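Notes follow once the structure below has been shown.
Nothing in this text is a laboratory measurement; each read-out follows from the coordinates by a stated rule. Everything numeric in this text was worked out from a predicted model, so none of it was measured. Neighbour counts run over all protein chains shown; Cβ positions are idealised from the backbone, glycine included.
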Amino acid sequence: MGFVSEFKSFAMRGNVVDLAIGVVIGGAFGKIVGSLVDDIITPAVLTPALKAANLSNLSDLVIPGTAIKYGNFVSTLLSFTIVAFTLFLIVKAINSAKKKQEAAPVADPGPSTQEKLLMEIRDALKK
């Protein structure tokens, strides 16, 4: 097997393609969550706190006398928490759907033809 054909069989394997799709969707999802945190949640939650501290931006939160910007850390931490919670909800929904599928009762197939014949023989012997 040549190098190119071996690479092609590796790259087209289902797991590699699934992983690539997951990475692309994850990147897009990260941008959505980043926008949600930066443009909606952070201003809504932290605007009163920023006004009280006479700041206009979360990145202006620094430890005095240092270059430590803990405001950026708070924003990143908030973003991580939202992503983790969203993934938790997704996994919980998937697990719930799997449990409902597994819990669905399997219909009783009824007696086989051999069992039917044996019941007929039993009934005939009783008579």
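Using +1 on the beta carbon of Lys and Arg, -1 on that of Asp and Glu, and nothing else charged, what's the dipole of the chain about the Cα centre, debye to 20?
Magnitude of the dipole: close to 320 debye.
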Rounded to the nearest 500, the 222 nm mean residue ellipticity computed for the chain from DSSP H runs (n ≥ 4, each -39500 (n - 2.57)) alone is -24000 deg cm²/dmol
The Cα extents of the chain along the principal axes, largest first and rounded to whole Å, are 102, 54, 21
So the number of lysine pairs in the chain with alpha-carbon atoms under 18 angstrom apart, 8 or more residues apart or on different chains, is 4
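How high is the relative contact order of the chain? Use alpha-carbon pairs under 8 Å, at least six apart in sequence, and give a whole percent. Can you show the working numbers first?
Values: 35 pairs, mean separation 19.0, N = 127.
Dividing the mean separation by the residue count of the chain yields 15 percent.
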